[in-house]
Amino acid sequence: MHWYEDEVKALEKKIRELPYQPETLFYGSSSIRLWASLNDDFANYKPVNLGFGGSTLAACVWFFDRLMMPLNPKRLIVYAGDNDLSDGRIPEEVFIFFEQLVVKVRQRFGDLPCYFVSIKPSPSRWHLADQFRYANNLIESEIIKQDNNWRFINIFEAMLDAGRNPKKEYYGDDALHLTPKGYELWTQIITKQLSR
């Protein structure tokens, strides 16, 4: 996990120097980190962006204590998992990392409202689509079964076109990261969940 160290240290510094107490933590991979309009998109929720590039769900678990100890949020939103699968892990491993994250959150924050944003259907990783679906299904099923403080936010289906392929307008030139239109869609879907 040492390759994340510089970014994690930068996040620790960012947290120490925050001029406000954030209420909503956005935590996860570069889909979070690159969300330039996040503070404006969720202004009513006093957010902070705690994404770090290339992060796996495993890394989110690994660095959780370091990044979360100074914070006392009202809610947590997590996006990670597709990098784990792209690195060669299987959906069951991603599910185990999710379960480990649930334990970490409970230990630190109790019954904090938490939201897991489904793994997105990136065109550049479309060959892994079945694994994305399976990992999403494992996590969603567990959240439904537990019926506690976690909620599953399905962005996968909304990012597909009529032919059930990834909608290209939501993705940048690398066919992996999101365009402003992609973030606009995520904002609508996540805000709808938060307002319930």
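Each reported figure results from applying straightforward, stated rules to the coordinates on display, with no laboratory input. This one's a predicted model, so the numbers in the text were calculated from it and none came from an experiment. Note that each Cβ is placed from the backbone with ideal geometry, even for glycine, and that neighbours are counted across all protein chains shown.
Rounded is the label for the chain. Its Cα gyration tensor axes, ordered a ≥ b ≥ c, give a/c under 1.5.
Among 90-99, 138-147, the peptide with the highest mean count of other Cβ atoms within 10 Å heads the list, and the full ranking is 90-99, 138-147. In this calculation the C-beta distance from GLU184 to LYS104 is compared with R0 = 25 Å, giving a FRET efficiency of 0.20. Under the criterion of Cα pairs below 8 Å and six or more residues apart, the relative contact order for the chain equals 18 percent.
Karplus-based coupling profile of the stretch 110-123, in residue order and whole Hz: x, 8, 4, x, 10, 10, 9, 7, 4, 4, 7, x, 6, x, with θ = phi - 60° in 6.51 cos²θ - 1.76 cosθ + 1.60 and x standing for Gly or Pro.
Take the Cβ atoms of ASN137 and ASN44, set R0 to 41 Å, and the FRET efficiency comes out at 0.85.
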